[in-house]
1. Looking at segment 150-164, which of the residues that are among the small types (Gly, Ala, Ser) and open to solvent by less than 40 Å² (accessible area, probe 1.4 Å) is modelled with the lowest pLDDT?
2. If I go through segment 226-236 residue by residue, how many of them are in contact (Cβ under 8 Å) with a residue 60 or more places away in the chain and surrounded by 16 or more Cβ atoms within 10 Å (Cβ to Cβ)?
3. Checking the conditions here, which among 337, 345, 310 is out of contact with any Asp or Glu (no Cβ under 9 Å at 6 or more places or on another chain) and surrounded by 12 or more Cβ atoms within 10 Å (Cβ to Cβ)?
4. Taking segment 318-345, which residues are acidic (Asp, Glu) and modelled with pLDDT of 90 or more?
5. In segment 90-113, how many are more than 9 Å from the chain's Cα centre (by Cα) and among the charged types (D, E, K, R)?
6. Take residue 9 and tell me if it is hydrophobic (A, V, I, L, M, F, W, C), modelled with pLDDT of 55 or more, surrounded by fewer than 11 Cβ atoms within 10 Å (Cβ to Cβ) and outside any loop (DSSP other than H, G, I, E, B).
Amino acid sequence: MMPEERPAAENSVELSRVQQPSLSRARRGRLATVRRDFFLDHSERLTEQERALMTTMLNRLVGDVAAALRAVLPASWAGTNYDDDYRLVERLTNAGLLDEEALLALLLRRAEEEDVAIAARSRADRRELRAIQGLVSHDNGPAAASAMALVLARGRRRDTLGQCLLTFDDVPPPAARQLARRVGAALRSDLIATHGPVAVDEALVQAAAEVAESNDPERSLDALTGELVALLDSGGFLDDRLLLAAAAEGEIAFLAHAFARRSGMDSAVAAEELLSRNPARVMALLRISGTERDFAAALIAASGNLLAIDCDGRGLEHFDGLTAADVDLERALLLADDDYRTALDRLEDNRG
């Protein structure tokens with residue numbers, strides 16, 4: 001006998017009765033968030049593309065960590081019915097357990113780097129320079145091997161549609177340990193009904209420790225890029241021609257490591273300056289790294305539109321306008337401890 005289908009209108013009325021109290025509470029509780037969102041500086045907002053990319057990367061990363069945890073749980077638990085990974089992400093998000101600075105900073109930097117790379121590929125005057133791929137056939141054996149390792153690692157961080165992804169190795173070790181434990185905690189509710197809370201807690205704690213131990217920062221994209229830059233630099237191959245080719249292709253990570261190596265700062269700091277969309281900060285980075293004026297002009301011509309630097313001469317005005325004292329001040333700030341710089345950012349006192 002077929003079940004009787006209730007009229008849609010009747011279902012709708014009943015649903016509205018059930019949901020009305022929670023919806024009212026949601027509206028009242030939403031106001032604080034809406035007020036913050038409404039008055040956010042438009043220039044600081046995520047673009048729709050950045051939001052979508054960060055969401056995809058985070059969902060896939062959490063799913064990968066969950067899969068790794070399930071793989072090391074007792075073999076007899078293999079038949080457990082788990083919630084899908086999107087529900088898992090939702091559970092962690094609602095509890096505020098994914099709102100961690102190191103993780104979000106990584107997601108944002110990767111999304112911004114991808115934005116620049118996409119813009120570079122879509123330019124009408126784009127040339128197939130293949131700066132990094134071309135290094136695979138470099139005469140220097142170690143540099144060629146390092147380039148190959150980087151190219152292969154980049155390929156593993158793309159899905160079948162070419163979408164940018166993260167791996168667990170890309171997450172800094174402290175954040176990786178935290179993520180493994182939190183995803184493990186989110187899996188608990190799927191397991192305790194059939195395996196009991198004591199056994200589940202013991203197994204998940206052990207599994208999280210094993211997964212966290214598998215995190216290898218030397219396999220991260222950041223480390224592989226840094227290794228390639230170091231090999232090229234030590235061999236005298238990190239010349240302006242290569243940097244300009246990388247700039248034209250929107251290779252922000254490669255440029256960040258190159259300028260960081262020349263100036264002694266952390267590559268993440270150099271990337272932040274390159275991606276700041278602030279010509280004064282980008283030009284200060286070039287001055288700190290000892291860049292000559294001719295190279296700065298060529299860099300603006302090659303990638304100024306990618307870095308939000310005008311190609312009409314005003315970018316060079318920032319370069320020329322920096323005094324030695326200005327450069328020393330910027331260098332001191334950018335080489336400072338990250339906690340100190342973060343405090344200055346919050347005090348809004350780091351740019352004078």
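The values are calculated or read from the model by the stated rules, or taken from the named source; none is laboratory data. This structure is a prediction, so every number in the text was calculated from the model and none was measured. Methodologically, a virtual Cβ is constructed for each residue, glycine included, from the backbone with ideal geometry; neighbour enumeration extends over all protein chains shown. Note: accessible area is taken over every heavy atom of the protein model, side chains too, but ligands, DNA and RNA are not part of it. Shrake-Rupley method; radii C 1.70, N 1.55, O 1.52, S 1.80 Å.
1. 162
2. Qualifying residue count for the region: 4.
3. 310
4. 320, 326, 328, 330
5. 5
6. In short, no.
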